[in-house]
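Working notes for the structure below.
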């Protein structure tokens, strides 16, 4: 059996992806520490942000899709947020069982508090990195995500 070989770009992208996995783990851990005193986790903070980023109230399945996450995991987090009074459910006029998820005032306050902590943290983290380099990395990530979402890897 022949061993598959990577192109030079494939080799570099493999190394980038391995570092992205490591970075993702570190970012989630740092985020958890950053917002722990607010009673949040990175996952809860991300769901609150997805609710806010939506142009209108959405059901859990749509939030999960927009986040690129598993619906069951988002549902579990939404249930926890609901128990803590950070989100509420509204009737969905288009689907009786798929309620719409909305932030409560308490949820908005928790998200705002998290973002006040995030600003100095992200500013310190970005220190010494050029806007140009960060923009390039972002463009590459967006392009790779689009390829994966569109199935352009078959």
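The values are calculated or read from the model by the stated rules, or taken from the named source; none is laboratory data. As the structure is a computational prediction, the values presented were derived from the model and not from experiment. Because the Cβ atoms are built from the backbone with ideal geometry, glycine has one as well, and the counts that use them run over all protein chains shown.
One table, with the values for the structure above:
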| quantity | calculated |
| --- | --- |
| Given (1) over 27 Å from residue 142 (Cβ atoms); (2) surrounded by 15 or more Cβ atoms within 10 Å (Cβ to Cβ), number of the condition residue 94 does not satisfy | (2) |
| Count of residues meeting criterion [surrounded by 11 or more Cβ atoms within 10 Å (Cβ to Cβ) and over 14 Å from residue 27 (Cβ atoms)] in segment 125-141 | 3 |
| Selection from segment 72-84 of residues that are surrounded by fewer than 20 Cβ atoms within 10 Å (Cβ to Cβ) and part of a helix (DSSP H, G or I) | 72, 73, 75, 76, 79, 80, 82, 83 |
| Hey, residue 51 touching a strand residue (DSSP E or B) at 6+ places or on another chain (Cβ under 8 Å), at pLDDT 95 or above, in a helix (DSSP H, G or I) and crowded, with 17+ Cβ neighbours inside 10 Å or not | yes |
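Okay, residues lined up against (1) surrounded by 11 or more Cβ atoms within 10 Å (Cβ to Cβ); (2) in contact with a strand residue (DSSP E or B) (Cβ under 9 Å, 6 or more places away or on another chain); (3) within 19 Å of residue 145 (Cβ to Cβ):
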position: 4; (1), (2), (3): no, no, no
position: 30; (1), (2), (3): yes, no, no
position: 61; (1), (2), (3): yes, no, no
position: 64; (1), (2), (3): yes, no, yes
position: 70; (1), (2), (3): no, no, yes
position: 86; (1), (2), (3): yes, yes, no
position: 101; (1), (2), (3): yes, yes, no
position: 108; (1), (2), (3): yes, no, no
